[in-house]
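This report concerns only the one structure given below.
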Amino acid sequence: MKKTAFYEFHTSCGAKMVPFAGFEMPIEYSGINNEHMNVRNGVGVFDVSHMGEFWVKGPRALEFVQKVTSNDASVLHVGKAQYSCFPNGKGGIVDDLLVYKYEEEKYLLVVNASNIEKDWAWCNEQNTMGAELEDASDAISQLAIQGPKAVEVLQKLTDVNLSEIEYYSFVTGVFAGVENVIISNTGYTGAGGFELYMYNADGPKLWKAIFEAGEDFGILPIGLAARDTLRLEMGFCLYGNDIDDTTSPIEAGLGWITKFVDHKSFIDKDYMLKLKEEGVSKRLRGFEMIDRGIPRKDYEIVNENDEVIGRVTSGTQSPVLGKGIGMGYLNKGYTKFDTEIYIKVRNRKLKAKVIKVPFI
């Protein structure tokens, strides 16, 4: 199992470590609810160094990114990022990712940890135009500092004006005395904050500086379990749960990152356009429990006649709402908001209703 640059800090903080995507990662420290609420109300630090980073460089870089991703990267200028996905040529999704325009003719693709090898093979297979590709995943560490107090904590450590970095924007600058740190406002918690990308050797210095700066703000290390509950309260998709090689971006409600513009040709464009125009037979929707109960991945969703109409892809007890929430694919006819559905929990049929995400 691989270890990130912050492994010693996790164990010294009493983290419960688990295998995840080939890494030993912290699942929780002080408890999921405590960590979750600390991010919603204060500030917390996630080690997300297991994520993958691919550089795309050269005069054919944009052409490559436009082919393999669903969003329109031509609108990006240096310092901007966008959420996107890799269509798989069969109507599904290889992975979802972030695309950063780092320089003219240089892009950074940030992919999911569990898909690094698959994504790297896919990118090389699709690189028919000869863009320069580099897998920098093993060289780069990443911390996500999230929560409403994150800006105050981090501003102590840099001369970069963090309040001027808009959502889905980034700068490269000096942070805690370390040069060339990417400071990115692309968080996946909905609580505000930044991601910091650095070389592995610089990671421990930044970790120490951030926790010293955040001591008066009640800063805590946060595990993968709370990361999952935080993203679910925002209705953000998780690859392997809510999207995968069998789900299309249109079915997943990701039409907003699927751009059918004349100047962009991308994998599965014609198929995706057909889905958009003709409609889909199932759609990913959020739901909240009316009856008491916690929905879990792969639980059946049924109608009042006990007929299966979908399945849960993600579910939890929302720490903020104090009730069960989830997402799942629902058959056509059951996707309207406020539609009553039922979740099968241990052979019990518990009432829920379809709602628009985010949940909070």
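The values are calculated or read from the model by the stated rules, or taken from the named source; none is laboratory data. In this text, all values refer to a predicted model and were calculated from it rather than measured experimentally. Positions of Cβ are backbone-derived with ideal geometry, glycine not excepted, and every protein chain shown enters the neighbour counts.
From the set of residues in region 270-287 that are among the charged types (D, E, K, R) and surrounded by fewer than 17 Cβ atoms within 10 Å (Cβ to Cβ), which is nearest to Gly255 (Cα to Cα)?
This residue is Lys276.
Results for (1) at pLDDT below 95; (2) closer than 12 Å to Asp244 by Cβ; (3) out of contact with any Leu (no Cβ under 8 Å at 6 or more places or on another chain), shown as yes or no for each residue.
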| position | (1), (2), (3) |
| --- | --- |
| Ser84 | no, no, no |
| Asn88 | no, yes, yes |
| Val94 | no, yes, yes |
| Tyr100 | no, no, no |
| Glu104 | no, no, yes |
| Leu109 | no, no, no |
| Ala121 | no, no, yes |
| Glu125 | no, no, yes |
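How many of the residues making up region 206-237 are in contact with a Ser or Thr (Cβ under 6 Å, 6 or more places away or on another chain) and surrounded by fewer than 20 Cβ atoms within 10 Å (Cβ to Cβ)?
Within region 206-237, the first condition is being in contact with a Ser or Thr (Cβ under 6 Å, 6 or more places away or on another chain), and the residues that meet it are 229-230, 232-233.
Add one more test, that the residue is surrounded by fewer than 20 Cβ atoms within 10 Å (Cβ to Cβ), and what stays is none.
Summing the residues that are in contact with a Ser or Thr (Cβ under 6 Å, 6 or more places away or on another chain) and surrounded by fewer than 20 Cβ atoms within 10 Å (Cβ to Cβ) in region 206-237 gives 0.
Each residue in region 1-16 was checked for being at positive phi and surrounded by 17 or more Cβ atoms within 10 Å (Cβ to Cβ), and 0 pass.
Test Glu195 against the criterion of being touching a Ser or Thr at 6+ places or on another chain (Cβ under 6 Å) and under 16 Å from Leu98 (Cα atoms), and give yes or no.
Working: touching a Ser or Thr at 6+ places or on another chain (Cβ under 6 Å): yes; under 16 Å from Leu98 (Cα atoms): yes.
For Glu195, the condition - touching a Ser or Thr at 6+ places or on another chain (Cβ under 6 Å) and under 16 Å from Leu98 (Cα atoms) - is met.
Is it true that Ser163 is surrounded by fewer than 18 Cβ atoms within 10 Å (Cβ to Cβ) and under 19 Å from the mean Cα position of the chain (by Cα)? No: the conditions fail for Ser163. Put simply, of Pro26, Pro19 the only residue that is assigned by TED's automatic domain parsing to the domain that holds Lys149, loosely packed, with under 15 Cβ neighbours inside 10 Å and not in a loop (DSSP other than H, G, I, E, B) is Pro19. For first residues located in region 107-126 and assigned by TED's automatic domain parsing to the domain that holds Ile93, partners that are surrounded by 17 or more Cβ atoms within 10 Å (Cβ to Cβ) and in a helix (DSSP H, G or I) and lie 6+ apart or on another chain with Cβ distances below 6 Å form the pairs Tyr107/Ala61; Tyr107/Val65; Val111/Asp119; Gln126/Val68.
Pick out, from region 203-303, the strands (runs of 3 or more DSSP E) lying fully within it that include 3 or more residues that are out of contact with any helix residue (DSSP H, G or I) (no Cβ under 9 Å at 6 or more places or on another chain).
Values: elements: 220-222, 282-289, 300-302.
In region 203-303, 282-289, 300-302 are the strands (runs of 3 or more DSSP E) which contain 3 or more residues that are out of contact with any helix residue (DSSP H, G or I) (no Cβ under 9 Å at 6 or more places or on another chain).
Among the residues of region 124-155, those that are of a type outside the set (S, T, N, Q), assigned to a loop (DSSP other than H, G, I, E, B) and within 30 Å of Pro59 (Cα to Cα) comprise Met129, Gly130, Ala131, Ala136, Asp138, Ala139. When Pro319 is tested against (1) touching a helix residue (DSSP H, G or I) at 6+ places or on another chain (Cβ under 6 Å); (2) modelled with pLDDT under 95, just one condition goes unmet, and that condition is (2).
Would you call Lys264 over 18 Å from Leu330 (Cβ atoms) and either surrounded by 11 or more Cβ atoms within 10 Å (Cβ to Cβ) or in the same structural domain as Asn88 (by TED's automatic domain parsing) (or both)? Here the answer is yes, as Lys264 does meet what is asked.
Per the listing Ser84, Ser74, the residue uniquely in contact (Cβ under 8 Å) with a residue 24 or more places away in the chain and not in a strand (DSSP E or B) is Ser74.
For Phe170, indicate whether it is buried (at least 16 other Cβ atoms within 10 Å of the Cβ), of a type outside the set (A, V, I, L, M) and over 25 Å from Gln66 (Cβ atoms). Walk me through it before giving the result.
Numbers: buried (at least 16 other Cβ atoms within 10 Å of the Cβ): yes; of a type outside the set (A, V, I, L, M): yes; over 25 Å from Gln66 (Cβ atoms): no.
The answer is no for Phe170.
I need a count of the residues in region 304-344 that are part of a loop (DSSP other than H, G, I, E, B), of a type outside the set (Asp, Glu) and surrounded by fewer than 17 Cβ atoms within 10 Å (Cβ to Cβ).
First, pick out the residues of region 304-344 that are part of a loop (DSSP other than H, G, I, E, B): 304-307, 318-323, 332-339.
Remaining after also requiring of a type outside the set (Asp, Glu): 305, 318-323, 332-337, 339.
Pick out the ones that are also surrounded by fewer than 17 Cβ atoms within 10 Å (Cβ to Cβ) and you get 305, 320-323, 332-333, 336-337.
Of the residues in that region, 9 qualify.
Identify the residue in region 66-80 that is of a type in the set (A, V, I, L, M) and surrounded by fewer than 23 Cβ atoms within 10 Å (Cβ to Cβ) and, among all such residues, is nearest to Phe6 (Cα to Cα). Only one residue tops the list, namely Val78.
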